[in-house]
Amino acid sequence: MATNYTDDIGPAAYPLKMVSQEVVEHMLGWNIPEEHQDLVHEHWRNFPAVSKYWHFGLACIYSILMLTSLSGNGIVIWIFSTSKSLRSASNMFVINLAVFDLMMMLEMPMLISNSFYQRPLGYQLGCDIYAVLGSLSGIGGAMSNAIIAFDRYKTISSPLDGRLNRVQASILILFSWLWALPFTFLPAFKIWGRFVPEGFLTTCSFDFLTEDQDTKIFMICIFIWSYLIPMIFICFFYSKLFSAVRLHERMLKEQAKKMNVKSLAANKEDAGKSVEIRIAKVAFTIFFLFVCSWTPYAFVALTGAFGDRSLLTPVTTMVPAVCAKIVSCIDPWVYAINHPRYRAELQKRVPWMGVREADSDTMSTSSGATAQTQNPTAEA
């Protein structure tokens, strides 16, 4: 039996038009039954089958990430939803992001199982379930980051009348889920685009390799929808937030100068960081994580649709999946560990984590002169 190859994509492509069955058996996709061979794009058939040790190593990495995500995001949801002091509208967004991250964690048991079998279990159905979880959590998480940026800007720039109420927060949370639906269910139901195996053929994502106009237009649209628009929102709101913080700090300094005092913020130096530095650190980390999570996927997808496909080896296309999972594990700590009340709850409920936060009496005493500055930050 012989297989006809007309695609010369990739550095491992074979110049021969006809490839024997013995050679094919050493290439990616050899262990997938004939009736499901349409799942494997010709591009991946140009690469040798991945060693089982690569699969087992990836399964170990995902096992660690799964436990980290489950514990981190689970604790965030548990503490933020059960603590009365943390039941604010702003913190609803943190819970929503943790839910998206937990949804991404649900992919990990499937990837671990696929790695041991070295193929997608369930074939097309299993591939669709895996990709739906990734698409819904990834796109929804991206928009959640943008909404959190908007909420923090509103809270910091207008601490008295800019806070969102719980109804407004609920509407924005619903919006983040609705935002993720179109480019999740359109390919799932084969209406526009489709989900296919990628890289090691143990993970699934959008089809960006099929050479037709429909696929190219789909990739442009999902790039704008899931990456560019949230990125613009995040950059815009955090730039506005920085401007508001700098203006407020300048006003405090001018007022302190008029009153002939060093600072209006009692014990600010003892706290070790100003409001501007705290906000800048969190905002930069949020932006950096978003870029780390989505830029690899954007690069791989656009390269597959419009660029040099020889760059897309099985290993390089697995990098975006790992990056997204790592970020989903870090997210809860970025948003929550900077929250003093959350740290206090961690110290009380999970003492073995070693988190230490000042007593509430000490905090209230040291923050008496900075209520308008510190509290909005804490709520954000």
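The values are calculated or read from the model by the stated rules, or taken from the named source; none is laboratory data. Just so it is clear, the model here is predicted, and its values are computed rather than measured. Note: ideal-geometry Cβ built from the backbone for every residue, glycine included; neighbour counts use all protein chains shown.
Computed values, structure above
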read-out	value
Filtered residues of region 333-350 (kept if basic (K, R) and surrounded by fewer than 16 Cβ atoms within 10 Å (Cβ to Cβ))	K348, R349
Those helices (runs of 4 or more DSSP H) lying entirely in region 161-258 with at least 2 residues within 26 Å of D308 (Cβ to Cβ)	182-188, 213-223
Hits in region 301-319 - residues which are touching a strand residue (DSSP E or B) at 6+ places or on another chain (Cβ under 8 Å) and either more than 16 Å from E211 (Cβ to Cβ) or not assigned by TED's automatic domain parsing to the domain that holds T203 (or both)	T317, M318
Selection count, region 78-93, where residues are in a helix (DSSP H, G or I) and within 17 Å of I171 (Cβ to Cβ)	5
Answer residue from region 304-332, given it is of a type in the set (V, I, T) and part of a helix (DSSP H, G or I) and is surrounded by the fewest Cβ atoms within 10 Å (Cβ to Cβ) among those	V315
Every residue from region 231-251 that is within 21 Å of T285 (Cβ to Cβ), out of contact with any Ser or Thr (no Cβ under 9 Å at 6 or more places or on another chain) and either modelled with pLDDT of 85 or more or of a type in the set (A, V, I, L, M, F, W, C) (or both)	M231, I232, F233, I234, C235, F236, F237, Y238, S239, F242
Test for G140: is it assigned by TED's automatic domain parsing to the domain that holds R87 and in a loop (DSSP other than H, G, I, E, B)	no
Filter result for F200 (modelled with pLDDT of 90 or more and crowded, with 21+ Cβ neighbours inside 10 Å)	yes
Verdict on A98 being among the small types (G, A, S) and surrounded by 23 or more Cβ atoms within 10 Å (Cβ to Cβ)	yes
